[in-house]
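For reference, the structure is listed below as structure tokens.
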Amino acid sequence: QVQSVESGGGLVQPGGSLKLSCVASQRTFSTDAMGWFRQAPGKEREFVASISWNGGSTFYADSVLGRFVISRDNAKNTVYLQMNNLKFDDTAVYYCNAGLDTRSIVRNPRLRDWGQGTQVTVSS
């Protein structure tokens, strides 16, 4: 079973920042595109951001563009999500997954098993 471990979530006020981490366990991490997804209560899981295998290309959902930054460290099998200027609508459980490239991962995340996610709550 290949499953990532997400961390770094918490409770933050609107306008605040958080940095999420995802430690991946698949052996292909260094050649995988990686992405962040989120699921709010009562809603389907949605794409947030993705990054190419070497970090040279990134792609963001319109809702987070300009506020979130995705990065990765292949030596640590880790992908990060720096979240700035957080809004109430960013409240969700955040997950990571792997994919073929930064665009196809949006609708076709590759890993069958999702991690437990990390809860982000934006509240005043």
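The values are calculated or read from the model by the stated rules, or taken from the named source; none is laboratory data. If you're wondering where the values come from, they're calculated on a predicted model, not measured in any experiment. All Cβ positions, glycine included, derive from the backbone under ideal geometry; neighbour counts span all protein chains shown. For accessibility, only protein heavy atoms count, side chains too; no ligands or nucleic acids. Shrake-Rupley method; radii C 1.70, N 1.55, O 1.52, S 1.80 Å.
Overall, region 55-116 carries a charge dipole of about 140 debye about its Cα centre when +1 sits on the Cβ of Lys and Arg and -1 on the Cβ of Asp and Glu, all other atoms neutral. Across all C-alpha atoms in region 85-124, the radius of gyration and Dmax reach 12.8, 38 Å. Normalised by the number of residues in region 9-124, the mean separation of alpha-carbon contacts (under 8 Å, six or more apart) gives a relative contact order of 37 percent. Straight-line reach from LYS87: which lysines have Cα under 23 Å away, leaving out those fewer than 8 places along the same chain? The reachable lysines, counting only those whose Cα sits under 23 Å from LYS87, are LYS19, LYS43. Calculate what fraction, in whole %, of the accessible area of the chain sits on carbon and sulfur atoms when a 1.4 Å probe is rolled over the protein chains. It is 48 percent, rounded to a whole number. Placing unit charges on each Cβ (+1 for Lys and Arg, -1 for Asp and Glu) gives the chain a dipole about its Cα centre, and among GLN82, SER71, LEU11 the Cα reaching farthest toward its positive end belongs to SER71.
Computed on region 1-63, with alpha-carbon pairs under 8 angstrom and 6+ residues apart, the relative contact order is 23 percent. When Rg and the Kirkwood radius Rh are both evaluated on Cα atoms of region 1-60, their ratio Rg/Rh stands at 1.00.
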